[in-house]
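Working notes for the structure below.
The values are calculated or read from the model by the stated rules, or taken from the named source; none is laboratory data. The shown structure was predicted, so the numbers you read here are calculated from the model rather than taken from an experiment. Here the Cβ positions follow ideal geometry from the backbone for every residue, glycine too, while neighbour counts run over all protein chains shown. What goes into the accessible areas is simple: the full protein's heavy atoms, side chains included, and nothing from ligands, DNA or RNA. Shrake-Rupley method; radii C 1.70, N 1.55, O 1.52, S 1.80 Å.
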Amino acid sequence: PWELARRKKTNVLWNVDPKDYETPDPEKIADRVVNNVEPGSIVLLHDGGGDRSQTVAATKIVLQKLQQEGYQFKTISELMTLQV
């Protein structure tokens, strides 16, 4: 936190961790996201450490399901400018 403050940066964490590294099943990963997401959520997905094809497949499912529920997707910069 000290270094971030010194550089005038904001520390941003996630609140949904579907543990995509634990299962090869994209549907299970997607269900963990969809069942735990709420407005303003930040989802942690892993893109390194071996074959991440299950994460890529799960991401497609998540985007489709959440769009159907009316969710929109924003960058961190966009989220930080929203009025709550």
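Key figures
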item: Residue in region 14-34 that is at pLDDT below 95 and assigned to a helix (DSSP H, G or I) present; result: no
item: Qualifying residue in region 58-69 (condition: touching a strand residue (DSSP E or B) at 6+ places or on another chain (Cβ under 8 Å), assigned to a helix (DSSP H, G or I), without any contact (Cβ under 8 Å) to a residue 40 or more places away in the chain and open to solvent by less than 80 Å² (accessible area, probe 1.4 Å)); result: yes
item: Residue pairs meeting the criteria (Cβ under 8 Å; at least 6 apart or on separate chains; first under 21 Å from GLU69 (Cα atoms) and in contact (Cβ under 8 Å) with a residue 40 or more places away in the chain, in region 14-36; second part of a helix (DSSP H, G or I) and open to solvent by 90 Å² or more (accessible area, probe 1.4 Å)); result: PRO18/ASN36
item: Residue match in region 20-42 (condition: open to solvent by 100 Å² or more (accessible area, probe 1.4 Å), within 22 Å of LYS74 (Cβ to Cβ) and polar (S, T, N, Q)); result: yes
